[in-house]
Protein chains: 4
Amino acid sequence: MTVGIGVIGAGMIGQDHVRRITDVVTGAEVVAVADVDAARAEEVASRVHARALASGQDVIDDDLVDAVVVTSWGPTHAEYVLGAIEAGKYVFCEKPLATTAEDCLRIVDAEQASGRRLVQVGFMRRYDAGYRAMKQVIDSGEIGAPLLMHCVHRNRSAPESYHSDMAVQDTAIHEIDTIRWLLDEDIVSAQVVKPRRTSNRFEHLQDPQFMLFETASGARVDLEVFVNCRYGYDIQCETVGETGTVRLPDPESVWVRGAGQLRANVVQDWKQRFGAAFDLEFTEWVSSIEDARPAGPSAWDGYAAAVISDATTEALHSGHVVSVLLKDRPAFYG
Amino acid sequence: MTVGIGVIGAGMIGQDHVRRITDVVTGAEVVAVADVDAARAEEVASRVHARALASGQDVIDDDLVDAVVVTSWGPTHAEYVLGAIEAGKYVFCEKPLATTAEDCLRIVDAEQASGRRLVQVGFMRRYDAGYRAMKQVIDSGEIGAPLLMHCVHRNRSAPESYHSDMAVQDTAIHEIDTIRWLLDEDIVSAQVVKPRRTSNRFEHLQDPQFMLFETASGARVDLEVFVNCRYGYDIQCETVGETGTVRLPDPESVWVRGAGQLRANVVQDWKQRFGAAFDLEFTEWVSSIEDARPAGPSAWDGYAAAVISDATTEALHSGHVVSVLLKDRPAFYG
Amino acid sequence: MTVGIGVIGAGMIGQDHVRRITDVVTGAEVVAVADVDAARAEEVASRVHARALASGQDVIDDDLVDAVVVTSWGPTHAEYVLGAIEAGKYVFCEKPLATTAEDCLRIVDAEQASGRRLVQVGFMRRYDAGYRAMKQVIDSGEIGAPLLMHCVHRNRSAPESYHSDMAVQDTAIHEIDTIRWLLDEDIVSAQVVKPRRTSNRFEHLQDPQFMLFETASGARVDLEVFVNCRYGYDIQCETVGETGTVRLPDPESVWVRGAGQLRANVVQDWKQRFGAAFDLEFTEWVSSIEDARPAGPSAWDGYAAAVISDATTEALHSGHVVSVLLKDRPAFYG
Amino acid sequence: MTVGIGVIGAGMIGQDHVRRITDVVTGAEVVAVADVDAARAEEVASRVHARALASGQDVIDDDLVDAVVVTSWGPTHAEYVLGAIEAGKYVFCEKPLATTAEDCLRIVDAEQASGRRLVQVGFMRRYDAGYRAMKQVIDSGEIGAPLLMHCVHRNRSAPESYHSDMAVQDTAIHEIDTIRWLLDEDIVSAQVVKPRRTSNRFEHLQDPQFMLFETASGARVDLEVFVNCRYGYDIQCETVGETGTVRLPDPESVWVRGAGQLRANVVQDWKQRFGAAFDLEFTEWVSSIEDARPAGPSAWDGYAAAVISDATTEALHSGHVVSVLLKDRPAFYG
């Protein structure tokens, strides 16, 4: 069986997923593409011998489409995900699941009403080998109960369109999901501290930001978000337990000695850093469709991330500790 | 286009490649399988909805087979590779290309007579990210002309059937190809030094062995082969140039602190260490077939490795430095 | 010239300094020792052929004593330091300089009145090779203006007598001085976050603690203090600047591969970690006396650390951000 | 008690030891200095308030001299060491103990005739923390019986006066002693392989050289000597045992991230790399004199190093494996 996939949104990330499904993932093929820019949809579809359709809804309705990938503009996510659920089709939605917690809840409700898990949200770090090894160490009890987690999220540079809220909504949201998944518990409050800004900044941008989260058990997680760090893309994470710690390695690189120094290259962007994780994410997603056993980040995870992001954004604006108010998790989501 | 692949030899490595072609590589499918054990051929073929054929020659002759993978018993390699060339089909042959240099030469001659490159030999290290980065550093001139290379090849343990010559023929052969490829020159002599044997050995086995190679330009390469090192699978390589050095990193692993120690897991077998390299090897091989532009390790590389292995085996037995006598490389092989 | 040194307080740290001055530091000798326990003073003095005197004041007054080392019980520090200033003698005082900011100020005032720098406070990290290299990198401008600093201070275990305030007053005080020195600016506010406590704790102890400091320029420093981490003594520090970062290395240790792991020992206590720093601290202190050019951490640094510690302790109790109110730094202190 | 030390030879290394004895080592002072250049002896002596004497023999005979340090020109070593033994005085001799094995034997015989251990040879690596930790791991049995050792000795650059034999006599001699000490057995043969020379060489110089040693138990040790490696001073050592390995760490350095790279400084010379080892060497030597219990590298170790160096030099010239013919070790040397 080959899973027929329809892609809604043919921008940079959409094109990357089209390439991935075509060149990397076995057992799946892109059969339809839609984009607000019809010419772009046509161009991307033709590369992989798929059809360009007029609208996202057309993709959802298409008979050859078994599963939908939503990589369109954020504000349109909810509509397409709800459409896919309505059509009883599997749907992979890049984060955010929706731009408001209310819309996330509508999706959660619709999915429950449909009676089965159809939605996966694009939190690819759960597929990174390093994070998976860290989770294995934590779950093994080897370092005891987690008490603290120290995280760093640095980008080489951000475009001028990047504004302070995006440090939470676009950037920290990855750590927010990762924290929940690694520690297997929810975040209950958020605080944001504003360090002196880098002078390599835009006027409007608070960069770096230093975020503090508290989990249900009382563990504390700190996160540096610094999107104009200049030297590379750098993701760090250390979990501190009662009897030990576990830390992500730096990405592999050959070691060169020369000119008085020992040196290794630092990864420059998220594609390099998480390319293998994206590949595995789609490979496992397609497998889970073949097996009809969805296992990735759920609509509920998308909802929780939205609520926590909103609280963190409020904390950024207010300067105060903001509580996270999540609904009770339905039994449907395990 | 989907490349139809016929697999001759359904043992451990053959099965692994069948799985790889099916689950990992896009654009290819296994269409036929043969094995000396017909029941095994049947079993492996049925897993992937392919046909079991009666013989290797039947696989080569099969109309659905565009390209052949030879993973049968070493002494049969030459026959099947020659058969594939005869049939004008692409063929991927696990090392060794043939068990004698003479047979390798027959293949080289047949391929040249056929007028185009059809043969690729399974030297997967050329597809390892670390080795590729090392080659890039060497080729960039960043460390100057290479003068020395220090290599280590350790296996956790070897079975009783493993005998001293296999340290060259089965184990060091990977470094032999890697050295030629990294330094872009041939090996002209070999010497083998016999250290005190590990007491965790079999009576018949000289383990470890310490090999010394000289290249055409006079660079010297040393290689420790230790196949019962007990602690894991460990591949190390450092190239020393006139102005600097480059070294393979250890495989990525999370760092755990606990019980007074900082520690990381060591990879335990070649599947873990080179799994990604095998995947890329087949992905690029299939792409090269689609493009009709073969680019991997050639029959000539297989021949050279055979001649150098033979010289090294002779050096092991004689205790002397043994010269490597290679034919002149035909223009056909670039 | 040999500097005659009188030691007030012959407990563990006092004895260690007596040994250091005798066995490690050239150009100095211990000539007199006092302790509240006269027998202990006698025992320690006799080891190095010095005299045991009846009181700290007797040590200060002794003609053979050129410089005083104060390692007695914290509440007595101020009296002895003031006594040494009164006598016009150099004095090295282990932290804290005094147990209240008021007493620190009295010392600062007395020293200024005396017209010359006589007091050095025992902040030994300024003598650690790693921290010095970090300061050099920061001062060189190589990483740009510092924006953030991430610090970790872990002890294997704390005795039952250790209570929550000591995480600030005894432990974090080292980072408080280090931050001021590395960034060359003062701390203006403190906050303490209380994570879930380790179950390997005493009822009365908040452990770990997570502290946040703001500097005058707006840089933010976070510090994990965890005094029952179980696995060793672990000091980490990363400074994040506008264009790069600099990080302390882990202490040197041989790398062992065995039983499936790559591992190194973690240092177990502060003597191992900072032994060389203590040695250099005293070597430079004695040199500075010989040259009559005091250069180490000053009474003002001791005063600032006391004020910041007090604010941090208040922050621990209140849960709020607490401002640090320092007097203006007198020109006397550069 | 203060040990009065007389220094014969006030060149670079002699001056460094004068400084070390004066500024670093407690319990000792330089009381007399001699040099072939009387003005230089005067200058160096005056720095530390010692007397300049007319000759090495005058230093040996001087009543204030309890122990002699020989740092004169190599060919004069034997005479001064024999003179010190004759005078019944402790003597520390920089390597080589003597320039011929015969002279080393005369020293060994004279020392035995004197009835007590008086001579220590300057093999400072035995005092390096990393090598000591490695020895501890080997001796603990943690990695099983040693089978192989891989060593690297790189210098940034060598002066024009440095010729090929010096790679053995001046450079590899340190590893020769270290191997014997770490493995606690003797070297029985040597071979030298000559790689392509660096083009950053002098015409007369074979650089790098690759040496191979065999020990009495059959362990094999390889050593790269490369004295114009350009990038720094780099000492590496890995011991491979039956069940594991142990490796020297790189010298500690802060880690900087910037401009796309993670980097650390490489040590540039032996003073940086082994400064602490030299300090400890002299501290322990002076202690051993105070205790009258010599424990460092002995005259026998100096003799063995000389014989092995000679064999290695012969191997360099002949291209053959050369056997090492050592006398039986007298019971006097344990």
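Descriptive notes on the structure:
- The set of residues in the stretch C:1-13 being more than 26 Å from D:His49 (Cα to Cα), open to solvent by less than 20 Å² (accessible area, probe 1.4 Å) and outside any loop (DSSP other than H, G, I, E, B) consists of C:Gly6, C:Val7, C:Ile8.
- Selection count, the stretch B:181-197, where residues are within 8 Å of chain D (Cβ to nearest Cβ) and buried (at least 23 other Cβ atoms within 10 Å of the Cβ): 1
- Scanning the stretch B:254-264 for residues that are surrounded by fewer than 19 Cβ atoms within 10 Å (Cβ to Cβ) and of a type outside the set (A, V, I, L, M, F, W, C) yields B:Gly260, B:Gln261.
- Matching residues in the stretch A:49-62 - criterion: being in contact (Cβ under 8 Å) with a residue 12 or more places away in the chain and open to solvent by 30 Å² or more (accessible area, probe 1.4 Å): A:Arg51, A:Ala52, A:Leu53, A:Ala54, A:Ser55, A:Gln57, A:Asp58, A:Asp61
- Taken together, D:Thr215, D:Thr178 contain a single residue that is among the β-branched types (Val, Ile, Thr) and in contact (Cβ under 8 Å) with a residue 40 or more places away in the chain, which is D:Thr178.
- Qualifying residue in the stretch A:292-311 (condition: touching a Ser or Thr at 6+ places or on another chain (Cβ under 6 Å), open to solvent by 20 Å² or more (accessible area, probe 1.4 Å) and under 27 Å from A:Ala145 (Cα atoms)): yes
- C:Lys95 vs. criteria among the charged types (D, E, K, R), out of contact with any Pro (no Cβ under 8 Å at 6 or more places or on another chain) and touching a residue at least 60 places away in the same chain (Cβ under 8 Å): yes
- Identity of the residue in the stretch C:145-175, part of a strand (DSSP E or B) and open to solvent by 20 Å² or more (accessible area, probe 1.4 Å), that ends up farthest from the other protein chains (Cβ to nearest Cβ): C:Pro146
- Every residue from the stretch B:314-334 that is hydrophobic (A, V, I, L, M, F, W, C) and touching a residue at least 12 places away in the same chain (Cβ under 8 Å): B:Ala315, B:Leu316, B:Val321, B:Val322, B:Val324, B:Leu325, B:Leu326, B:Phe332
- Checking C:Glu102 against (1) over 20 Å from the mean Cα position of the chain (by Cα); (2) over 24 Å from C:Gly11 (Cα atoms); (3) part of a helix (DSSP H, G or I), the condition it does not meet: (1)
- For the stretch B:214-250, the set of residues classified as facing another protein chain (nearest Cβ under 8 Å), among the polar types (S, T, N, Q) and surrounded by 21 or more Cβ atoms within 10 Å (Cβ to Cβ) consists of B:Thr245 only.
- Of the residues contained in the stretch C:211-225, none is found to be of a type in the set (Lys, Arg) and not in a strand (DSSP E or B).
- Selection from the stretch A:134-144 of residues that are open to solvent by 30 Å² or more (accessible area, probe 1.4 Å) and among the hydrophobic types (A, V, I, L, M, F, W, C): none
- Breaking point among (1) closer than 19 Å to D:Arg132 by Cα; (2) part of a loop (DSSP other than H, G, I, E, B), for D:Arg197: (1)
- Only one entry of C:Glu86, C:Glu142 meets the criterion of being within 14 Å of another protein chain (Cβ to nearest Cβ) and among the charged types (D, E, K, R), and that entry is C:Glu142.
- Test result for C:Ala331, away from chain D (no Cβ under 14 Å) and surrounded by fewer than 16 Cβ atoms within 10 Å (Cβ to Cβ): yes
- Residue-level check: of (1) in a helix (DSSP H, G or I); (2) in contact with a Leu (Cβ under 9 Å, 6 or more places away or on another chain); (3) more than 28 Å from D:Thr245 (Cα to Cα), B:Asp109 misses just (2).
- Test: B:Val65 is among the β-branched types (Val, Ile, Thr), in a loop (DSSP other than H, G, I, E, B) and surrounded by fewer than 16 Cβ atoms within 10 Å (Cβ to Cβ): no
- For first residues located in the stretch B:258-287 and within 11 Å of chain A (Cβ to nearest Cβ), partners that are assigned to a strand (DSSP E or B) and among the aromatic types (Phe, Trp, Tyr) and lie 6+ apart or on another chain with Cβ distances below 6 Å form the pairs B:Ala264/B:Trp255.
- Under the condition of being under 9 Å from C:Ile8 (Cα atoms) and either β-branched (Val, Ile, Thr) or modelled with pLDDT under 95 (or both), the residues counted in the stretch C:68-84 number 4.
- Subset tally (residues that are under 14 Å from C:Leu97 (Cβ atoms) and among the polar types (S, T, N, Q)) for the stretch C:28-82: 3
- B:Val3 in contact with an Asp or Glu (Cβ under 8 Å, 6 or more places away or on another chain) and within 14 Å of chain A (Cβ to nearest Cβ): yes
- Residue count for the stretch D:149-193 satisfying the condition of being in contact with an Asp or Glu (Cβ under 6 Å, 6 or more places away or on another chain) and of a type in the set (A, V, I, L, M): 2.
- Some residue of the stretch D:203-213 being modelled with pLDDT of 95 or more and within 14 Å of chain C (Cβ to nearest Cβ): no
- Yes/no for A:Leu147 being closer than 24 Å to C:Phe226 by Cβ and at pLDDT 95 or above: yes
- Single residue of the stretch B:14-41 satisfying the filter (in a helix (DSSP H, G or I) and surrounded by fewer than 16 Cβ atoms within 10 Å (Cβ to Cβ)) that is modelled with the lowest pLDDT: B:Asp23
The values are calculated or read from the model by the stated rules, or taken from the named source; none is laboratory data. On a predicted model such as this, the values are computed, not experimentally measured, just so you know. Don't worry about glycine lacking a Cβ; one is built from the backbone with ideal geometry, like all the others, and counts go over all protein chains shown. Accessible surface areas use protein heavy atoms only, side chains included; no ligands, DNA or RNA. Shrake-Rupley method; radii C 1.70, N 1.55, O 1.52, S 1.80 Å.
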